[in-house]
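Single-structure report; data block below.
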Amino acid sequence: MGLAAVGSCSPQLQKSQLEQIQETGVLRVLMRNTSVTYYEGRDGPAGFEYDLLKAFAQQQGLTLEVITSPSIEDIETRLSKGQADLAAAGVAITPKRLHTFALTHPVIKVQPQVVYRRGASVPKDVADLAGQNLAVVAGTKHADLLRKWQETYKNLTWKETRELEASDLLQRIQAGELDYAIINIHEWVANRWFFPQVAAAFTLQEPMSLVWMSLPHAETSLIDALNTFLAQQRQNGHLNTLYEHYFGHERYFGYVGAQYFLKHVEGRLPEYLHLFQAAAQKYDFDWLLLAAVAYQESHWRPDAVSPTLVKGLMMLTHATARQMGVEDRRDPKQSIFGGAGYLRHLIERLPERIAEPDRTYMALAAYNIGLGHLEDARILTQSQGKNPDLWQDVSEHLPLLQYRQWYSQTRYGYARGGAPVIYVRNIRRYHEILQWYYRTQENLLDQLQQRSVDIQADQAFSIVPPIL
């Protein structure tokens, strides 16, 4: 009896926030519909923060439920009312958020970027923004910074919008409705190539930490689990890989010919796009990969001819064309279908144990140098204690085929082994840029339509006046 009495009086242990979420099986997250956070892509939901949270939800055995919200202020209001478990909206740490919400460790750090309309005066510092036609998204740290700077620059005035996002501000600068805006640098990177009349001026202060937010609880199980997850993602390299996937294309624009390539994407590719798509469907490829191969081969010129007399968009040799039933190598359709069929043939000739994406990379190398030389390099790779089924290892040994010490040991002899390494690297670059270009373009158009870009400027903004 005594034991029973004690047990009946014991308070029931309160379940942690994470345990309560796990009981429901659903993680509810408030997000903004932007190119850097969350959007519906060609293959379903996507976005840097979305992909990260999807991985966290999978790790916890949860289903991720995204609740889109039109503004940062709306997200904070709904989170405060308990309408979601978490907010992931590209928001920075501010004193108010530190006081109101439980915050994760930084997801990423970004710098505020001042952008301007080409033809307008190029601002060099904050003082140059005073009295100008400047806009920011309401609820961002940029708006807080402007209020702080207004104490020094009394005539600093700007517009704030709860209706629009960074891409909309860029569009309005392009249209001449705004002269300047402050957005985050990764937002600029994700959208800059679609607004040729907009340019970057300068970045502001130290990088800002973007975080995820939850309601404060007596215990911190959800935030703790998210912080552990973020630390793991940094350590295993997944966070960096994901960042490169969404924003790393910017580094490709530094190499020679990148902007030239983008001009061809808009000027030449549309004429052959339907052929790449049809060939990709027939031979089970991503059409963007076939387009990348063709650009590496011919710069999308159907009349291209090399010194060795390979011809056409896919630069087929006479022997390959005959093998693939191509009668006119300069005919775009025949060339694209012939090249795609030959690439599929090479993939199928490789040992089954070679997994993707290494299988495709090796087939691309064989397209350039031939299967025989590729096999020689794989044998050399294995003889040096490396893995002949990994492209990274094989690519390190392909250049050895240029040296007598090594090619004398092979069946097929000398080859310009460095060429396929550069060839595959370039195709991968072009492929990634094309993936970024079409992913961002489609998402951008959707965003601008969904937010009704025909809204009048005076309806979209509230004006913060100067201090008189």
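The values are calculated or read from the model by the stated rules, or taken from the named source; none is laboratory data. Since we're looking at a predicted model, the values are computed, not measured. Using ideal geometry, Cβ is built from the backbone for each residue, glycine included, and neighbour counts are taken over all protein chains shown.
Looking at region 271-285, can you tell me whether even one residue there is part of a loop (DSSP other than H, G, I, E, B) and over 24 Å from GLN435 (Cβ atoms)? So far as region 271-285 goes, no, none of its residues is part of a loop (DSSP other than H, G, I, E, B) and over 24 Å from GLN435 (Cβ atoms).
Of everything in region 379-400 that is of a type in the set (A, V, I, L, M) and assigned to a helix (DSSP H, G or I), the residue that is surrounded by the fewest Cβ atoms within 10 Å (Cβ to Cβ) is ILE379. Selection within region 365-412: residues that are in contact with a helix residue (DSSP H, G or I) (Cβ under 7 Å, 6 or more places away or on another chain) and either among the aromatic types (Phe, Trp, Tyr) or without any contact (Cβ under 8 Å) to a residue 12 or more places away in the chain (or both). The member of this set that is nearest to PRO351 (Cα to Cα) is PRO388. Of the strands (runs of 3 or more DSSP E) lying entirely inside region 39-141, those containing at least 1 residues that are of a type in the set (A, V, I, L, M) are 44-46, 63-68, 86-92, 108-110, 112-117, 134-137.
Would region 316-334 turn up any residue that is under 29 Å from the mean Cα position of the chain (by Cα) and surrounded by 16 or more Cβ atoms within 10 Å (Cβ to Cβ)? Scanning region 316-334, I find no residue that is under 29 Å from the mean Cα position of the chain (by Cα) and surrounded by 16 or more Cβ atoms within 10 Å (Cβ to Cβ), so the answer is no. Residues in region 182-211 that are part of a strand (DSSP E or B), within 16 Å of PRO123 (Cβ to Cβ) and under 19 Å from the mean Cα position of the chain (by Cα): 1 in all. Filtering region 446-461 to residues that are surrounded by 13 or more Cβ atoms within 10 Å (Cβ to Cβ) and either closer than 19 Å to ILE173 by Cβ or at pLDDT 90 or above (or both) leaves GLN447, LEU448, ARG451, VAL453, ILE455, ALA457, ALA460, PHE461. If the condition is being surrounded by 14 or more Cβ atoms within 10 Å (Cβ to Cβ) and free of Cβ contacts under 8 Å to residues at least 40 places away in the same chain, then region 298-315 contributes SER298, HIS299, TRP300, ARG301, PRO302, ALA304, VAL305, VAL310, LYS311, GLY312, MET314, MET315. Kindly indicate whether TRP158 is buried (at least 20 other Cβ atoms within 10 Å of the Cβ), modelled with pLDDT of 90 or more and more than 28 Å from the chain's Cα centre (by Cα). So TRP158 passes the test. One residue stands out in region 288-328 among those that are touching a helix residue (DSSP H, G or I) at 6+ places or on another chain (Cβ under 7 Å) and among the acidic types (Asp, Glu): the one that is nearest to TYR430 (Cα to Cα), namely ASP328. For the residues SER71, SER35, the requirement of being surrounded by 14 or more Cβ atoms within 10 Å (Cβ to Cβ), under 23 Å from HIS142 (Cα atoms) and modelled with pLDDT under 85 singles out SER35. In this structure, ALA355 does not qualify as among the small types (Gly, Ala, Ser) and either in contact with a Cys (Cβ under 6 Å, 6 or more places away or on another chain) or part of a helix (DSSP H, G or I) (or both).
Comparison of ARG353, ARG344 shows that the only residue that is among the basic types (Lys, Arg) and farther than 21 Å from LEU288 by Cα is ARG353.
Among residues that are surrounded by 14 or more Cβ atoms within 10 Å (Cβ to Cβ) and assigned to a loop (DSSP other than H, G, I, E, B), ALA365 is not included.
So that you can scan it fast, the table gives a plain yes or no per residue for (1) touching a helix residue (DSSP H, G or I) at 6+ places or on another chain (Cβ under 6 Å); (2) in the same structural domain as ILE72 (by TED's automatic domain parsing); (3) closer than 30 Å to LEU230 by Cα; (4) not acidic (Asp, Glu):
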| residue | (1), (2), (3), (4) |
| --- | --- |
| LYS124 | no, no, no, yes |
| ALA127 | no, no, no, yes |
| ALA135 | yes, no, no, yes |
| ARG147 | no, no, no, yes |
| THR152 | no, no, no, yes |
| THR157 | no, no, no, yes |
| ARG162 | no, no, yes, yes |
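Can you find, within region 106-121, the residue that is farthest from the chain's Cα centre (by Cα) among those that are over 24 Å from LEU239 (Cβ atoms) and at pLDDT 95 or above? Looking at the filtered set, the residue picked out is TYR116.
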